[in-house]
Amino acid sequence: TMKLDQLQKKFLEYITGLLHEGFLDSQFGELQLLQDESNPDFVMEVVTLFFEDADRLLNQLSQALYQQTVDFKKIDSIVHQLKGSSSSIEACRIRNCCIAFRSFCNERN
């Protein structure tokens, strides 16, 4: 349990840093309220799923952006998924970047 306590402490420090840097907003606290004794790892699981999803989507986005002919509809779809995923953990800076990115897709720029 000592190792688990250390991991949980590091995780909390990491989350605090993300809040301080503006990557997460205060709504993240509501997500934390959903964690209880019956599901003590809820936040860590949700954040882990977000990072896995974001990694997959960013790889897809990277591939789509480097095609000879850019498919703005496909890119918009990927960014829309990333926006939804970031909203699930209240990652406000990522969500806001996705909103701006989608407007670029609408302008085909």
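The values are calculated or read from the model by the stated rules, or taken from the named source; none is laboratory data. Only a predicted model underlies this, so the values are computations on that prediction, with no experimental measurement involved. Please note: Cβ atoms are built from the backbone with ideal geometry, for glycine as well, and neighbour counts cover all protein chains shown. Note: accessible area is taken over every heavy atom of the protein model, side chains too, but ligands, DNA and RNA are not part of it. Shrake-Rupley method; radii C 1.70, N 1.55, O 1.52, S 1.80 Å.
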May I ask for the angle, rounded to the nearest 10°, between helix 92-106 and the longest principal axis of the chain, with both axes built from Cα atoms and the value confined to 0 to 90°? 10
Comparing Val70, Val79, Val47 in a Gaussian network model of the chain (Cα, 10 Å), the one with the largest mean-square fluctuation is Val70
How much accessible area per residue does the chain have, counting only protein heavy atoms and a probe of 1.4 Å, in square angstrom? 71
If you fit an axis through the alpha-carbon atoms of helix 42-65 and take the longest principal axis of the Cα set of the chain, what angle between them do you get, 0 to 90°, nearest 10? 20
Segment Gln63-Ser38, length gained on full extension (0.36 nm per residue, minus Cα span): 4.9 nm
How many angstrom lie between the Cα centre of the range 71-97 and the Cα centre of the range 23-39? 20
Mind putting a number on the dipole of the range 17-78 about its Cα centre? Charges go on the C-beta only, +1 for Lys and Arg and -1 for Asp and Glu, and I need it in Debye to the nearest 20. 480
To test your reading of the geometry: what angle, between 0 and 90 degrees and rounded to tens, separates the Cα axis of helix 2-21 from the longest principal axis of the chain? 50
Magnitude of the charge dipole, the range 4-107, Cβ model with Lys/Arg +1 and Asp/Glu -1, debye to 20: 520
Just the number, please: carbon plus sulfur as a percent of the accessible area of the chain, 1.4 Å probe, no ligands or DNA/RNA counted. 55
